[in-house]
Amino acid sequence: MAKKKKNKPFVRFLGSLVSFLKDDRFRYAMGIVFLLAAVFMILSFISYLFNWKTDQDFEWAKVFSGPDIRVENQGGKLGAWLSDQFINRWFGVVSFFFPGILVIWAMSLYKIRVFNTWKAVRNCLILIILLSITLGLVFGDASGILGSGPGGQHGYFLSKWLLASMGYFGTVFLLIICYTAMLLFSTNFLEWIRAQKNPFSNTTMGESEDPFIVTSKEHGDIPAEITDTPPPTGHTSDAPATANESPATSNESTEKDGVEMTVEDVSGTNPDDLNPGEGALGEYDPTLDLPKYQYPPLSLLKNYDQDDTTVTNEELISNKNRIVETLGNYNIKIDKIKATIGPTVTLYEIVPAPGIRISKIKSLEDDIALSLSALGIRIIAPIPGKGTIGIEVPNQNPRIVSMKSILASKKFQDAEMELAIALGKTISNETFVFDLTKMPHLLVAGATGQGKSVGLNAIIASLLYKNHPARLKFVMIDPKKVELSLYSKIERHFLAKLPESEEAIITNTQHVIHTLNSLCAEMDDRYNLLKSAQVRNIKEYNGKFINRKLNPNKGHRFLPFIVVIIDEFADLIMTAGREIEHPISRLAQLARAIGIHLVIATQRPTTNIITGVIKANFPARIAFRVTSMIDSRTILDGSGADHLIGRGDMLFLSGSDPIRLQCAFIDGPEIDDVTEFIGGQKGYPSAMMLNPVEEEGGSSLEVDLDKRDDKFEEAARLVVQHQQGSTSLIQRKLSLGYNRAGRIVDQLEAAGILGQFEGSKARQVLVQDEFSLEQILSNLS
């Protein structure tokens, strides 16, 4: 114990040192130091080129000598010594690459990722060595120019050694091999060669001014004729196929440009839907537009270092004794008790004595909470699959579950799921992973500040760490305008939006309605594709498309998953009502098979927000802490969420019984680093564009103005006078029922006095004065 106490200050020192090194201020300061050092080295090297005769062989011991020793170098004695070391003694004029390396490091510290930092530094170092030897081979010591010649002493002596060992031609051949290897491994030279052979590759379609953009025709949908080389892919992943669209039947062979193909007829499938290039081109790869896309590394996330066990033996024994004592006060005897320690909650499993009724223990929930002086006590009676009763007790010192530890877990890394999501840890400290495609939609609810936003970020981060941009797109809807704004950086990789939307994160209610309607249209379009392909779901369809059994010229394309993230759903319902609920209900009922999945979050889990239709189609639900049992029943169809302790403590329901989890924590700066890493890579020209749905102009109601209500004119004068076109105003001022007032409003709309329905907002009054109104009324008479 004494050793541990002695080590604690040292451990704390190391922890503070690591925190200091990770601090953004230290990173920015080091970036400035690197930039200034690079400028100093460049000025010193340039000065040495003119004053090398005076400054060569300058010794380190003289750098800090008195003012009596002078040098000609503009960098002073330190600059003279550095220049002599790098240019004379080491690598010659190639040493000008070293300030460039410092600039690359500074850019990395400021997170300016124009290229891969480590790769660039490695290439610079290899080039310095090769160029130094080359200059030494060509110029030798050049009669002492710059001290030891343009290649420095390193280049001069190494070239002499190589000449003695391999001769002139052997040395030249070795250098050519080294330069060629560097060219092949450090550049895209091979891809450029392939592009010259394949006239339909992405690189021949034109070059973009932005180095991070893949330019392709109509977002990558590039038609091509059958060739003996694989065709490119597009953003919507429409694989190119033959231009020859003659009908294909069983055992039919076609020949074009010397390439023979046999097309096999699929029973029950329209031959026009088949791809004639199935056998010749091999499997289609939807990721080829971004072949060098790198998944975000786990190093971008923080690891909250804590001890595995935060519950002491004293706490366990104390809680056990109090539980036994409280139950004993009600004549409930316990045969056995077992504790399972979780990150936030400890589960005490008790085996009651024979003859004890479970309902009796369940009714003592508040009494046990009082005796333990703890909030968030939950009794599970009985635990499913076990002959025990569970009592969940919050830990005095809860442990933070980092997102890094969850994503690094073997369970998540090895998960063979379509859309794997790692949410947090269970009471037994196991990583909880589920497949969103099996849910198939997710409802997230909880009071303000209880972890709902962090839960959404954990869901999104899991999907980003596991999926390539070609197979997953997000539609993000954020009425608050701040919760999901960080994800705008990945617009050209993972986001989908309408062409008319300037921002990828949708915040305007009207744009939300248009987007949801376009998703419904996308759903219908995808079902038509599944029907023509004779498959039942997106997995079977994409499997056929990858195997080139579907013809892109007939409209077939690779279908990415679309995950719709909606934050503050309550605000949307209050603003637009049925215009939001109707497309949401359609998507929830039908979109599972075609790969569109909804994740809806709200902090107001009331029955007018989470309606019966929505609950029926969202069997998977996440409940963070809520303030009342009524809200808990709205989300989970039972109590429990009102007994949670907050700060990411949650219940996950996907079956009959909810599972208690501690949600993984991911902070704003971590999300910023992840999105910046993804956004800094080569992306598509724009976000995936959804097809807008044209709205029918005019009123959709058929109103006969010849059968106007008796109160029509009076209502018209009323709305023009108040400049407010609401049903409630007419109902209140004219003492009418709701249905009759609604019919009058429809008639006012048909007459051009009121505008169209705009959700919960009052209709716009199109007539500004009574004189104009009288003209309209006289025309109707």
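The values are calculated or read from the model by the stated rules, or taken from the named source; none is laboratory data. Please read all numbers here as calculations on a predicted model, not as lab measurements. FYI the Cβ positions are ideal-geometry reconstructions off the backbone, even for glycines, and counts take in every protein chain you see. These area figures cover heavy atoms from the full protein model, side chains too; ligands, DNA and RNA do not enter into them. Shrake-Rupley method; radii C 1.70, N 1.55, O 1.52, S 1.80 Å.
Shown in residue order for the range 77-90 are the 3J(HN,Hα) couplings computed by the Karplus curve 6.51 cos²θ - 1.76 cosθ + 1.60 at θ = phi - 60°: 5, 5, x, 5, 5, 4, 4, 5, 5, 6, 7, 8, 7, 10 Hz (x for Gly and Pro). Looking at the range 377-456, the GluC sites (Glu not before Pro) that sit in a DSSP loop and have at most 14 other Cβ atoms within 10 Å of their own Cβ are Glu416, Glu430.
Pairs of Lys residues in the range 365-480 that lie 8 or more places apart, or on two chains, and have C-alpha atoms under 26 angstrom apart add up to 27. Measuring nothing but alpha carbons in the range 406-448 and taking Rh as the Kirkwood radius, the Rg to Rh ratio lands at 1.02. Label-to-label distance, Gln589 versus Asn528, with points set 7 angstrom from Cα along the beta-carbon direction: 2.1 nm. Over the range 717-772, accessible surface divided per residue gives 55 Å², non-protein components excluded, 1.4 Å probe. Using the 1.4 Å probe convention, the accessible area of the range 303-373 works out to 60 Å² per residue with neighbouring protein chains retained. Within the accessible surface of the range 347-398, defined with a 1.4 Å probe on protein heavy atoms only, the carbon and sulfur portion equals 57 percent. Summary of packing: across the peptides 327-333, 378-384, the per-residue average of other C-beta atoms within 10 Å ranks them, highest first, as 378-384, 327-333. Evaluated with a Cβ-only charge set (Lys, Arg +1; Asp, Glu -1), the range 632-772 carries a dipole of roughly 520 debye about its Cα centre, given to the nearest 20.
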